[in-house]
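Read through the structure below, which is laid out as structure tokens, and then see the notes.
The values are calculated or read from the model by the stated rules, or taken from the named source; none is laboratory data. Bear in mind the structure is a predicted one, so any value in this text is a computation, not a measurement. Here the Cβ positions follow ideal geometry from the backbone for every residue, glycine too, while neighbour counts run over all protein chains shown. To get the accessible areas, we keep the full protein, side chains included, count just its heavy atoms, and leave off ligands, DNA and RNA. Shrake-Rupley method; radii C 1.70, N 1.55, O 1.52, S 1.80 Å.
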Amino acid sequence: PFFPYFIFILFVCGQTCLVLRGNAIKAMYYTMMCNCIKDIIFLIDGSDTTGPAGIAHIRDFILNIVQQLDVQPDQVRVAVVQYADRVKTEFSLNSHNNKPAVISAIKRLRQMGGRSSELANAIEYVIQNELKLTAGVRPSEASQHLVVLTGGRSTQDVSIYGPLLKGSRVNCIGIGAGGADTRQLSQISTTSEDVIPVPTFPGLPAIKDRYIFKQNFFSLLTADGLPPPKKADIVFLVDGSINLGRDNFNEVMSFINNLIDLFYTDRDDLRIGLAHYATDVTDAFYLNTYKDRQDILNAIGRVEYKGGRRINTGAAIRHAQDVHFTKGRGSRIDEGTPQILIAITGGRSGDDSKTAALGLKSKGVRIFAVGVGNIQDELENLASEPSTVARASTFQELSELNEQILETLDDEVKGKLCVGVVDGPKSKTNSIVLLLLIDFIAKLFHV
């Protein structure tokens, strides 16, 4: 009679172990996900006490943080709310669906102004309007964080909001500059360590260095919450003919400058080259000319319009292939680094650009085609695929393409876009990997 009971005990223990193991896995998975899935709301004091200069420093501080986070709908979401004697949502957690759009919105931030700093009303506003499902908050999937940045003492009693925020499981950090009341900040912050005073707003960057290893909001700046650095070689090839003219050419340079400014962070390993063309090509700089992001931006600002009646886009693409995408000019194609050409044109080519583009693609270079005017077919002939085509009606509307281009470019660098083989045999490597994957899955499910 002992044997059946023994089997039963083994069965029960086995089921219990499976349940415990399953719960442990779920707990581990939840913990891992919580390290990067976050809803972050910045609540900033836009009163006269802060001033335009203070708002500029706050804006730069938020930008510095956001540029280092994996901002996307299923990972980190960001919102900004500004307050003084009234409260205004700059954008909610679900207002933008990609990082470049969030960064653009932050860059547009300006001081609202107001004589008083009514923090209690502002927190109440956030609770009633921004910490809602309709505003994009994810209470069951993400952790919630409220970051208050203020430059003065609130005229209102804020003591009840600390318990309210904690009760709602919202982690609050209070950052105070100048005349901010640290006692008030401690009343709303999650712990005493989450009260961060700075002498003045220009001192905000020091916070990151001071708190980067703390287990609070600023742990988002460590490797846990960061996407891997981007690595790519990108060459801009710009139509410099009379199709543009001097003013529109400068507009294009500003557009490129803004793209790089939004895409390129200090952590990235990007190499940038630039050439402009009409009948002939003028090389502004190569992939290995500059290593520093700011040097690249400065160099773009120095590029001069030369003009020309005919645009030989095909010849310019072959020039990019023979000169820019070479090891001697800084290309890292031998290392497997993504190679990207961004061609910007304002008219139809006077030579065979389609064949030249096919030649460049066959070498492993991906082409983004950006154009202005009624040249959709021209752009489609150049681009690697439909998702790498972007067109505006006027040069002044180029900035409206930022989100589309940056999102696709980000996917390209991360290898998320489907890359086809152009005019070549099917890759044996892909077949081998697929067979190995099938064999692995078969063994996995027969264990």
Residue ID - modelled with the lowest pLDDT, chosen from residues in segment 68-92 that are under 15 Å from the mean Cα position of the chain (by Cα) and open to solvent by less than 40 Å² (accessible area, probe 1.4 Å)
68
Has segment 56-64 got at least one residue that is in a loop (DSSP other than H, G, I, E, B), over 21 Å from residue 186 (Cα atoms) and open to solvent by 30 Å² or more (accessible area, probe 1.4 Å)?
no
I'm told residue 276 meets every condition in (1) outside any strand (DSSP E or B); (2) within 13 Å of residue 346 (Cα to Cα) except one. Can you identify the failing condition by its number?
(1)
Tell me whether segment 232-239 contains one or more residues that are assigned by the TED database to the domain that holds residue 390 and open to solvent by 20 Å² or more (accessible area, probe 1.4 Å).
no
State which residue is nearest to residue 346 (Cα to Cα) when the search covers only segment 394-416 and only residues that are open to solvent by 40 Å² or more (accessible area, probe 1.4 Å) and not charged (D, E, K, R).
394
What do you reckon, is residue 391 open to solvent by 30 Å² or more (accessible area, probe 1.4 Å) and in a strand (DSSP E or B)?
yes
Among the residues of segment 95-110, which ones are open to solvent by 20 Å² or more (accessible area, probe 1.4 Å) and not in a helix (DSSP H, G or I)?
95, 96, 97, 108, 110
Return the residue satisfying two criteria in turn: it lies in segment 172-209 and is among the polar types (S, T, N, Q), part of a loop (DSSP other than H, G, I, E, B) and more than 19 Å from residue 59 (Cα to Cα), and of such residues it is modelled with the lowest pLDDT.
191
Considering only residues that are over 15 Å from residue 321 (Cα atoms) and either in a strand (DSSP E or B) or not assigned by the TED database to the domain that holds residue 406 (or both), which ones fall in segment 240-273?
269, 270, 271
Residue 278 is checked against (1) out of contact with any strand residue (DSSP E or B) (no Cβ under 6 Å at 6 or more places or on another chain); (2) in contact (Cβ under 8 Å) with a residue 40 or more places away in the chain; (3) hydrophobic (A, V, I, L, M, F, W, C) and fails just one. What number does that condition carry?
(2)
Kindly indicate whether residue 287 is closer than 25 Å to residue 411 by Cα, touching a Pro at 6+ places or on another chain (Cβ under 6 Å) and assigned by the TED database to the domain that holds residue 407.
no
On the given criteria, is residue 169 surrounded by fewer than 19 Cβ atoms within 10 Å (Cβ to Cβ), among the basic types (Lys, Arg) and under 20 Å from residue 37 (Cβ atoms)?
yes
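Taking the condition of being of a type outside the set (D, E, K, R), assigned to a loop (DSSP other than H, G, I, E, B) and either in contact (Cβ under 8 Å) with a residue 40 or more places away in the chain or in contact with an Asp or Glu (Cβ under 8 Å, 6 or more places away or on another chain) (or both), how many residues in segment 140-159 meet it?
Going through segment 140-159, the residues of a type outside the set (D, E, K, R) turn out to be 140, 142-152, 154-156, 158-159.
Then drop every residue that is not assigned to a loop (DSSP other than H, G, I, E, B), which leaves 140, 142, 151-152, 154-156, 158-159.
Within this subset, residues satisfying the condition of being either in contact (Cβ under 8 Å) with a residue 40 or more places away in the chain or in contact with an Asp or Glu (Cβ under 8 Å, 6 or more places away or on another chain) (or both) are 142, 151-152, 154-156.
Qualifying residue count for the region: 6.
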